[in-house]
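Written out below as structure tokens is the structure these notes cover.
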Amino acid sequence: MTNANFFVPGPTWVRPEILQEMTRPMIAHRSAQFGDLFLRVVANLKPLFGTTGDTFVASCSGTALLEAALTNCVPRRVLVTTSGAFAERWMAIAESLGLEVDQLNAGWGSAVDPEKLADHLASRRTQYDAVTLTHNETSTGVTNDVAALARVVREQSPNSLILVDAVSSLGGIPVHFDDWGFDVCLASVQKGIALPPGITVFAVSPRALARAAKRPYRGTYLDFLSYKKHADDGNVPTTPSIPHFYALAKQLDDIINVETLDARYRRHEAMRETTIRRTAAYAELASDADHASATVSALLPNRPPDELRAAMKTRGFTLGGGYGKWKATTFRIGHMGDIQLADLNTMLDALEEVATS
Ligand SMILES: *Cc1c(COP(=O)(O)O)cnc(C)c1O
């Protein structure tokens, strides 16, 4: 029990000892001290991503890496699979870059169907440079079966790179970058990793680096080859958010060596089951129950969601609002990061009183 009272699906509640890490004195980012810190961080990111390959940290929010994945890896054509607002962000960025974009849309609240993806790829003559996947759709509380989707891409369109948004899954839902054949996978840290917002972690495959090497104009700030070159020297291309490196080093150490990944994933599954079970009397799950997320639930309550959230606020609890076109009808409970089951139950006790009074 931590007395967490903040259940927004990002940024999430942050442990005081993690906040404390961010107040350490500055070190020079070209120093040996920073090099040690950097190496600790990237080594512990590997088990989190499920990769033995390259992992990186960039000082920006996750959206910057969605854009960078496209600028580094996609010369022309991309297929975007969508099931809600964050998956649609891939599309908006690709369009802003002047790419040729196709969309395979499962619709809000549903998961992308691997068979429909297979049909789409089989029916198009188009060779896509990349296919984008969104592991956990935070706007609707749906987890896509990215292992199956990636398998379909690998089988049917072997030259398409697989670009994966794992922003609200990494650290809460298993990711197996190598086994699932991903090429780029990214997550900002203010969701499942439970740090203050400001940096993004990512993994890049050798295939993606080879693709980037063939792209003459891939930008400067988030040039993957520049990240790779500096990482091989234990460093980053430009001045990083050093406070975040301190916090991330401690958090990854705690996730991997204290809580352990398996226990962390089980805790998130228990939080999903508890949320669904304990809200059933007054709220319906807004999305496909078979793909219900372990990190966030979008709920359709039996009274206006804004009223519920306002009443909870007076009791000291902050819940997430509905997102985008689901804003007026749904609310969201973020049960990710370092929130414990006991905290969730305390909040759900209050929510039950508010919703059924
Ligand atoms: C929050 C979120 C984003 C956006 O991340 P930022 O760090 O705010 O740029 C992208 N995708 C998903 C799935 C998210 O939950």
Bounding extents of the stretch 126-179 in its principal axis frame from Cα atoms, largest first in Å, are 32, 23, 14
Placing each pseudo-label 7 Å from Cα in the direction of the beta carbon, Ser31 and Glu352 end up separated by a distance in nanometres of 5.2 nm
Highest mean packing first, using Cβ neighbours within 10 angstrom, the peptides 26-32, 201-207, 156-162 sort as 201-207, 156-162, 26-32
Spelling it out for Val80: with amide H atoms placed in the peptide plane at 1.01 Å from N, the residues 5 or more places away or on another chain with amide H under 5 Å from its amide H are Asp102, Gln103, Leu104, Thr132
Any chymotrypsin sites (Phe, Trp or Tyr not before Pro) in the stretch 221-280 that lie in a DSSP loop and have at most 15 other Cβ atoms within 10 Å would be Tyr221
Given backbone amide H placed at 1.01 Å from N, residues whose amide H is under 5 Å from that of Thr138, ignoring those fewer than 5 places away on the same chain, are Phe86
Diffing the stretch 124-131: the Karplus 3J(HN,Hα) column from phi (6.51, -1.76, 1.60, θ = phi - 60°), in whole Hz with x for Gly and Pro, holds 9, 6, 4, 8, 7, 5, 7, 10
Rounded to the nearest 5, the percent of DSSP beta bridges in the chain running antiparallel is 55 percent
In Å, the C-alpha Rg and Dmax of the stretch 4-131 are 19.4, 58
On each of the three principal axes the extent of the alpha-carbon atoms of the stretch 214-289, given in whole Å and largest first, is 55, 34, 22
Length-normalised contact order of the stretch 151-247, Cα under 8 Å, at least 6 apart, in percent, tallies to 20 percent
Beyond 31 Å (Cα-Cα) in this structure, taken from Lys250/Lys325; Lys228/Lys250; Lys214/Lys325; Lys214/Lys327; Lys191/Lys327, we find Lys250/Lys325; Lys214/Lys325; Lys214/Lys327
Per residue convex hull volume, Cα only, the chain, in Å³ is 122 Å³
Per the helix-only model, the chain has a calculated mean residue ellipticity at 222 nm (DSSP H runs of ≥4, -39500 (n - 2.57) each, divided over all residues, rounded to the nearest 500) of -12500 deg cm²/dmol
Summing +1 per Lys or Arg and -1 per Asp or Glu among the other residues with Cβ less than 14 Å from Thr275's Cβ gives -1
HN-Hα couplings for the stretch 280-288 via Karplus (6.51, -1.76, 1.60; θ = phi - 60°), in whole Hz with x for Gly/Pro, come out as 4, 5, 10, 8, 9, 5, 7, 10, 3
Scoring the chain by relative contact order with C-alpha pairs under 8 Å, at least six apart, yields a percentage of 25 percent
Lys and Arg at +1, Asp and Glu at -1: neighbours of Ile93 with Cβ under 12 Å from its Cβ sum to -3
Most packed first (mean Cβ within 10 Å per residue), the peptides 133-144, 74-85 order as 133-144, 74-85
Under the Karplus relation with 6.51, -1.76 and 1.60 and θ = phi - 60°, whole-Hz ³J(HN,Hα) for the stretch 253-260, x at Gly and Pro, equal 4, 5, 4, 7, 9, 9, 6, 6
Summed over the other residues with a beta carbon less than 15 angstrom from that of Ile162, with K and R at +1 and D and E at -1, the charge totals -2
Straight-line reach check, Lys229, cutoff 16 Å on alpha carbons, 8 or more apart in-chain or any other chain, hits among aspartates and glutamates -> Asp54
Here, Tyr282 and Thr52, labelled 7 Å along Cα→Cβ, have an inter-label distance in nm of 5.2 nm
Note: Ala328 to Asp253 extended length (0.36 nm per residue) minus current alpha-carbon separation gives 23.0 nm
Given backbone amide H placed at 1.01 Å from N, residues whose amide H is under 5 Å from that of Asp54, ignoring those fewer than 5 places away on the same chain, are Val204
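Read the figures in this text as sums done on the coordinates, not as results from a lab. On a predicted model such as this, the values are computed, not experimentally measured, just so you know. Counting neighbours? That spans all protein chains shown, and the Cβs are built from the backbone with ideal geometry, glycine included.
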